[in-house]
Amino acid sequence: MNSAKSLRALLLGSLACASLAPLSTSAAEPGPLSLWYRQPAKKWSAEALPLGNGRLGCMVFGGVERERIQFNEDSLWTGDENPSGKYETMGAFQNFGDLFIELASAATTEPAAAEDYRRELDLATAVSRVTFKLGDVTHAREVFASRPDEVIVLRWTASQPGAISGKLRLQGAHDETTAAGADGLRFSGKLPNGLEYQALASVAAKGGKASAQDGAFVLEGCNEVLVFLAARTSYAMDYAKGWRGPHPLARMKEELAAASKRSWAELLAHHTADFQSLFNRVAVDWGKTEAGALALPTDLRLAAYRKGGRDPGLEQVLFQFGRYLLISCSRRPGLPANLQGLWNDSNKPPWSSDYHSNINLQMNYWLADPSNLSECALPFFDLVVAMLEPSRQATRAAFGPGRGWTARTSHNIFGGHGWEWNIPASAWYAQHFWEHFAFTRDTNYLRTVAYPVLKEICNYWEDHLKMRPDGTLVVPKGWSPEHGPREDGVAHDQQIVWDLFTNTMAASAALGLDADYRTQLAGLRDRLAGPKIGKWGQLQEWMADRDDPKDQHRHTSHLFAVYPGRQISVAQTPDLAKAAAISLAARGSSGDSRRSWTWPWRCAMWARFGNGEQAYSMIRGLLDYNVLPNLLGDHPPMQMDGNFGITAGVCEMLLQSHAGEIELLPALPKAWPAGSYRGLRARGGFTVDVQWQAGVLTAATIKADIAGPLRVRWGSQSATLQAKAGETLQLDASLKVR
């Protein structure tokens, strides 16, 4: 470890928990985990605030006289299994529609000047609020997307009785006709692919009068109004059933009927308990924001940060925002997060708002296990497993008979593949199947779900690797029908296949299965052409040494082995780690490198090198250049991988476990001199809490899910411990059990 320690120092020099309090329910006192603004949103992607229950989501604008709640349901897709393989026929994620709430004065007078306006999103409770004063009446609207009740719920209250009058309108995004009846508003439709869908909005008013008129719901002199919005499709994640289930109307009626029997307090309590069962697992604190900055609305706070201001609280909000978004758009049963998570206001969204297999979908899920949201990764696995047969068929159609399967760069929810074959895609997907086990140690999942997938993807590579004259194995060229040949042995491809074989061997050993096959894979892995160091000290991207040190392209694909892979590490392969760091530094962080997804990947890689300063600069880079006023990532256009990825990058700065040991505070920057975290996860089934002062570890707590040995490291200190199942180990600054 001495060489690793000296290399870590070289990289640093040359390349130069307290639980957070929940957000106050007072709109005048935003809590530490809130986004808030002094004006309504005008731009959907940049300013509206996202809510979601995993499957059903919305963007809240916070209008005064006209509120807009644009909503989505994750399975409203055009397209099909796309046997032609053409990108333009793959289909796209669709906008579902809008719920509009209008004050009675909106249609008859000029917009009134609202006083004391505040719009906010409470990340700790997943509730959006807007409050404003018109005349002597204060209005408040609160919205959340309930997982247990499967509806979006809105409450409108006023400070004086009988002060709520207006209209509710429900509008579809595909020219549907909305009907209004005693039970509320509804529209339905069928997409060209036969997918049926339905939206329902019911209203419960206290005081005054509520009635259906001319396709809207009219409110007159009400004291309080509750609105329940439901939306579903006939999609089923089942290839054998043609991806279709029953029409959703009957189920939605039952859900609305059940929700409408509950009071606002009961609905809110159910929602909050469900959401916080996931969100509250992790808390971070690496500094307090000064009162002056904390008092600013989020857009002005972001502007101040971009001028060089110090705002650790904003960085912590960004970290927790990634967790909030994943909880909000990836829950079982449901689909995984797509390029825009769950939120989309277009029927022709950028890149179809699809699933991109060349990094974007993977980056969406880097945070799931380390940030203690393992359940949120399950929709990803569910979709991959559901797509196995159409993926096999598409692979055989493109490349001829053979075992296993792989994927194109883009795919939809029906097993349909679109733009350009990305041959290592399935092997990269396989990494997530293994990592989920590595963190959870769920052997039943490994045996029944992950290992069969890993083994089948290995079969594909057993049949397709190419042997060079020197006996080494390489990923062959010529596998992109649309864009012609690619070179043999591209570093990115080689590293992903190495990762696949290594993880499959580990899975086999964990299950005590297929010992002979494990030996066979080991032989193949050891013959793979490995990483090379080029003439200017860099890690080569190609088999030939033709890297350009002036190339600052945004892609760092040839550094997969550093992160999210584990083939290259400071401790075990110091020379390759140094070469990889040289490559990473050469790519820079300006111009084309400024993309929402580039900062997080580089943050995680710098963290793996132990370089906290460079890792921290990636957090600042994302906030400086590639987040919008509502803190959503901006490629541009808006996409979610930056939000998800930066949370994963911060996890790597605070805790690492990929190299066979738990390393505490491996890349702590000077900007975070004191702090704590609670609830981060380490491989092996461990939950970790840590405290530090003046950049020095002061205490740590490690809880073990299962019995077994663990090695813990902080700086040059290390300890080997034995944990019992369910045991919590309290460690002092010298890593001794207290």
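Overview of values
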| item | result |
| --- | --- |
| From the options Asp80, Asp149, Asp98, residue that is over 22 Å from Ser260 (Cα atoms) and either of a type outside the set (Val, Ile, Thr) or in a strand (DSSP E or B) (or both) | Asp80 |
| Long-range neighbours under 8 Å by Cβ, at least six apart or interchain, first residue of a type in the set (A, V, I, L, M) within the stretch 155-168, second in a loop (DSSP other than H, G, I, E, B) | Ala158/Asn223; Ala163/Asn223; Ile164/Gly208; Ile164/Asn223 |
| Residue, surrounded by the fewest Cβ atoms within 10 Å (Cβ to Cβ), within the stretch 608-625, restricted to residues that are of a type outside the set (S, T, N, Q) and over 22 Å from Thr298 (Cβ atoms) | Glu613 |
| Residue count, the stretch 361-375 (criterion: part of a helix (DSSP H, G or I) and either among the acidic types (Asp, Glu) or within 17 Å of Ser75 (Cα to Cα) (or both)) | 2 |
| Residue ID - nearest to Leu342 (Cα to Cα), chosen from residues in the stretch 621-635 that are part of a loop (DSSP other than H, G, I, E, B) and touching a helix residue (DSSP H, G or I) at 6+ places or on another chain (Cβ under 7 Å) | Leu632 |
| Glu266 among the acidic types (Asp, Glu) and part of a strand (DSSP E or B) | no |
| Residue in the stretch 656-663 that is in a loop (DSSP other than H, G, I, E, B), closer than 22 Å to Ser590 by Cβ and among the polar types (S, T, N, Q) present | no |
| Candidates Arg408, Arg468, Arg447 - the one that is of a type in the set (Lys, Arg) and under 19 Å from Gly79 (Cβ atoms) | Arg408 |
| Qualifying residue in the stretch 399-412 (condition: assigned to a helix (DSSP H, G or I) and farther than 27 Å from Ala506 by Cβ) | yes |
| Qualifying residue in the stretch 595-614 (condition: over 28 Å from Leu664 (Cα atoms) and assigned to a loop (DSSP other than H, G, I, E, B)) | yes |
| Residue match in the stretch 288-304 (condition: modelled with pLDDT of 95 or more, among the acidic types (Asp, Glu) and part of a helix (DSSP H, G or I)) | yes |
| Filter result for the condition that a residue is at pLDDT below 95, farther than 23 Å from Pro297 by Cα and of a type in the set (A, V, I, L, M, F, W, C), over Ala112, Ala104 | Ala104 |
| Boolean, Met638 is over 20 Å from Pro336 (Cα atoms) and crowded, with 24+ Cβ neighbours inside 10 Å | no |
| Filter pass, Leu219 being touching a Gly at 6+ places or on another chain (Cβ under 6 Å), assigned to a strand (DSSP E or B) and buried (at least 18 other Cβ atoms within 10 Å of the Cβ) | yes |
| Some residue of the stretch 211-224 being modelled with pLDDT of 95 or more and under 31 Å from the mean Cα position of the chain (by Cα) | no |
| Scope the stretch 174-196; condition assigned to a strand (DSSP E or B) and of a type outside the set (Phe, Trp, Tyr); matching residues | Ala179, Ala180, Gly181, Gly184, Leu185, Arg186, Ser188, Gly189, Lys190, Glu196 |
| Any chance Ile413 is within 26 Å of Ala648 (Cβ to Cβ), out of contact with any strand residue (DSSP E or B) (no Cβ under 6 Å at 6 or more places or on another chain) and among the aliphatic types (A, V, I, L, M) | no |
| Failed item, numbered, when Ala113 is tested on (1) surrounded by fewer than 15 Cβ atoms within 10 Å (Cβ to Cβ); (2) within 27 Å of Asn338 (Cα to Cα); (3) not charged (D, E, K, R) | (2) |
| Looking only at the stretch 513-550, and only at residues there that are of a type in the set (Asp, Glu) and surrounded by 13 or more Cβ atoms within 10 Å (Cβ to Cβ), the one that is nearest to the chain's Cα centre (by Cα) | Glu541 |
| Failed item in (1) more than 28 Å from Arg55 (Cβ to Cβ); (2) polar (S, T, N, Q); (3) assigned to a strand (DSSP E or B), with Gln171 passing the rest | (1) |
| Out of Gly62, Gly57, sole residue that is at pLDDT 95 or above, surrounded by 24 or more Cβ atoms within 10 Å (Cβ to Cβ) and in a loop (DSSP other than H, G, I, E, B) | Gly62 |
| Hits in the stretch 188-210 - residues which are among the hydroxyl-bearing types (Ser, Thr, Tyr) and more than 35 Å from the chain's Cα centre (by Cα) | none |
| Top-ranked residue of the stretch 560-580 - restricted to ones that are more than 28 Å from the chain's Cα centre (by Cα) and part of a loop (DSSP other than H, G, I, E, B), ranked as modelled with the highest pLDDT | Thr573 |
| Residue in the stretch 498-509 that is modelled with pLDDT of 95 or more, surrounded by fewer than 17 Cβ atoms within 10 Å (Cβ to Cβ), part of a helix (DSSP H, G or I) and over 27 Å from the mean Cα position of the chain (by Cα) present | yes |
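Yes/no matrix, rows are residues, columns are (1) farther than 22 Å from Asn280 by Cβ; (2) in contact with a Ser or Thr (Cβ under 8 Å, 6 or more places away or on another chain):
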| residue | (1), (2) |
| --- | --- |
| Gly684 | yes, yes |
| Asp689 | no, yes |
| Ile702 | no, yes |
| Gly708 | yes, no |
| Thr720 | yes, no |
| Ala725 | yes, no |
| Thr728 | no, yes |
| Leu735 | yes, yes |
| Arg738 | yes, no |
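The values are calculated or read from the model by the stated rules, or taken from the named source; none is laboratory data. Computed from a prediction, not measured in an experiment: that's the story for all the values here. Cβ sites come from the backbone with ideal geometry, for glycine too, and all protein chains shown count toward neighbours.
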